């Protein structure tokens with residue numbers, strides 16, 4: 001069936017069967033509603049203090065009383081509602097009233113329906129949120145954590161950094177500061193490194209954004225000295241450079257500091273600068289925080305020389321597509337280290353991917369202990385907590401986050 005250019009979501013509904021392919025005993029539950037609520041620490045907040053900006057929370061409800069949870073990071077609230085909320089929304093027309101199928105089947109049907117519309121951008125980012133919520137439902141119905149439904153933990157304990165005899169998921173902490181390119185930036189980020197090491201975190205990422213090469217090198221040098229050689233240290237310079245020689249000079253200075261990866265040295269529109277830099281430095285080059293679908297991710301590896309791919313779980317297209325990213329990047333010899341400058345709702349999906357993946361030694365994490373966000377602290381109490389610098393493999397059915405109504409009401413932002 002060919003979907004018309006008018007983008008009528010009613011056409012989507014026609015291609016989804018009432019039931020098929022669900023690996024359950026008996027009939028699966030039916031989707032009765034999709035709710036989108038906007039929560040956050042406020043509107044006029046400083047994200048450099050770790051505060052949560054307005055964030056769309058997605059709940060897919062079923063007639064079995066089972067709800068799937070997800071978030072839609074970096075999708076404007078109005079867009080999230082138009083695409084997902086209620087029976088009249090774009091995806092709501094396709095899904096409400098339908099049986100829960102295997103999430104991969106539903107993902108493929110919805111993605112294929114976008115052939116003549118938009119197979120990137122906000123449409124797929126919203127599809128990613130729906131997909132995570134459907135995996136949550138699917139796991140709860142089958143009574144299994146999602147990573148087991150992806151194929152189980154397909155790595156050995158020795159592929160977990162600093163682990164002994166247990167497979168674990170290791171977060172790296174992203175460190176930001178309220179100021180850039182000055183002594184205060186260096187002071188704040190080094191202090192955070194020391195504090196997080198004292199809390200038993202094993203990995204950290206500096207963010208000397210909007211800074212001179214000298215400041216970037218100074219911060220990395222002082223941080224490495226402060227935390228010692230045993231802690232993983234990465235550096236994100238936030239699309240800082242426009243030319244390869246300048247980036248290369250910074251890399252050459254950082255190479256002696258055992259930097260695990262250098263993130264986004266250039267804007268991501270063109271791969272050629274990445275390829276040139278990757279061929280001249282021993283530091284692995286990373287990108288992918290805004291990548292949509294596995295096609296963009298694998299092209300970074302093939303044409304940009306990127307060896308660390310960083311998909312956000314909802315942005316890339318959900319758990320379904322993130323698993324495919326792992327599979328194709330693994331075959332190409334790269335690493336997949338999911339990004340997450342959001343909450344532990346998104347982080348829970350990253351944990352399941354890392355539990356499955358043999359090429360995911362770390363996931364990004366924003367530690368509530370290090371920042372001022374009341375919402376982060378509340379959300380960490382609903383799901384996974386870091387213990388001795390690691391997340392244990394999930395045991396709870398679904399993705400493992402139970403977002404209660406009182407949390408949503410407490411942090412709900414009025415429009």
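A compact table of results
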quantity	calculated
Computed over the chain: relative contact order in percent, which uses C-alpha pairs under 8 Å that are six or more apart	19 percent
Descending Cα extents along the principal axes, the chain, whole Å	59, 46, 42
Sequence of 140, 148 once ranked by neighbouring C-beta atoms within 10 Å, starting from the fewest	148, 140
Between the stretch 340-405 and the stretch 177-226, the Cα center-to-center distance that results, in Å	23 Å
Rel. contact order, % - alpha carbon contacts under 8 angstrom, at least six apart, the stretch 10-143	31 percent
Per-peptide average of other Cβ atoms within 10 Å, ordering 125-133, 92-100 highest first	125-133, 92-100
Sorted by Cβ neighbour density within 10 Å, fewest at the top, the residues 232, 313	232, 313
Among 28, 151, 318: highest mean-square fluctuation, GNM of the chain, C-alpha pairs under 10 Å	151
Nearest-0.05 FRET efficiency for residue 257 and residue 372, computed from C-beta distance (R0 22 Å)	0.15
Protection-proxy order for peptides 348-357, 296-305, 190-199, each taking the mean of Cβ atoms within 10 Å per residue, highest first	348-357, 296-305, 190-199
Backbone N within the stretch 322-358 under 17 Å of label point (7 Å from residue 210 Cα along the Cβ vector)	none
Taking 276, 412, 323 and counting other C-beta atoms within 10 Å, the order from fewest to most	412, 276, 323
Cα-based Kirkwood hydrodynamic radius, the stretch 10-143, one decimal, Å	15.2 Å
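Values quoted throughout were computed directly from the atomic coordinates according to the rules given, and no laboratory measurement underlies them. Since we're looking at a predicted model, the values are computed, not measured. For neighbour counting, all protein chains shown are included, and Cβ atoms are generated from backbone atoms with ideal geometry for every residue, glycine included.
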